[in-house]
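Here the structure is laid out as structure tokens; the discussion comes afterwards.
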Amino acid sequence: MPARETEAIILKTFPLGEADRLVSFLGRSSGRMRGVAAGARRLKNRYGSTLQVLSHVRIWYVERETRDLVRIQQAELLDSFNKAQSDYSLSTGLALVSETVEQVLPEHEVNEAMFRLVLLTAKEVERRAATALSLAYFAFWTVRLAGCLPRFDLCAVCGQPFGKGSAFQDSFHPGLYDAEHRRPGMKPVSHEARELAEVFAKQRLDQLDEGLTALPGVQELRDAGLNWIEHHTERRLATRTLLET
Ligand SMILES: [Zn+2]
């Protein structure tokens, strides 16, 4: 079979045998895939630093009829996020993005919007050297692109508008609830956080003012987004605990 080529974002890699690596990547024109990079664990190998979490690469691979795994032939670095990849807290943020993508996107399904969101998020974590705003934006947009974003203006149970009051959410329910219908353990999504969601909906992450980072709504939106992702995938995001400790 001839080699295929796609722009891709590396999601994760695992050692495989003595010399190889198993690589999970999100291809712009292939969707999420897994492949084997032969010889990638050897000291001298042709992959260099291309196989880091969320590195933006061009990848050449060959599909094999009988196997799930493709054979990766070559990878060329387009953008690396060295600062973020080598810092503990920033790289935990990148790992959360990678884990989320693995959970929400089925294999082999092309998703241009998610590809652009992941790339933008990685670039902004690197540029801002901070994760708060980027992860809140990423979580919000992941839920929105999945078509799972609940109404932000009224209670999911009774339909009463929230007005200036807080709404409430948790990972066991898909919506936002008012004070009357809030369940035990639910966390607030304040009026300010819901206004910030409107900003997220209209502006690109790289245009957002750094001053927004200090708003409590950033954290509230990130928590709500991650809770809804966990609700819809019915799985906990393991990296999230690392980020919160
Ligand atoms: Zn209600």
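Here is how the numbers come out for the structure above:
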item: Conditions (1) part of a helix (DSSP H, G or I); (2) surrounded by fewer than 19 Cβ atoms within 10 Å (Cβ to Cβ); (3) within 16 Å of the ligand (Cβ to nearest atom); (4) not hydroxyl-bearing (Ser, Thr, Tyr): number failed by Arg194; result: (2)
item: Test result for Lys44, assigned to a helix (DSSP H, G or I) and open to solvent by 50 Å² or more (accessible area, probe 1.4 Å); result: no
item: Unique residue being at pLDDT 95 or above, among the charged types (D, E, K, R) and open to solvent by less than 20 Å² (accessible area, probe 1.4 Å) when the list is Asp223, Asp206, Asp153, Asp170; result: Asp170
item: Given (1) of a type in the set (A, V, I, L, M, F, W, C); (2) more than 19 Å from Glu195 (Cα to Cα); (3) within 16 Å of the ligand (Cβ to nearest atom); (4) touching a Gly at 6+ places or on another chain (Cβ under 9 Å), index of the condition Ala156 fails; result: (2)
item: Failed condition for Pro188, given (1) within 16 Å of the ligand (Cβ to nearest atom); (2) touching a residue at least 24 places away in the same chain (Cβ under 8 Å); (3) in a loop (DSSP other than H, G, I, E, B); (4) open to solvent by 30 Å² or more (accessible area, probe 1.4 Å); result: (3)
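The values are calculated or read from the model by the stated rules, or taken from the named source; none is laboratory data. Keep in mind that what you see is a predicted model, and the values were worked out from it rather than measured. Here Cβ is always computed from backbone atoms with ideal geometry, including for glycine, and neighbour counts include all displayed protein chains. Each accessible area value is taken on the protein alone, full model and side chains, heavy atoms only, with ligands, DNA and RNA left out. Shrake-Rupley method; radii C 1.70, N 1.55, O 1.52, S 1.80 Å.
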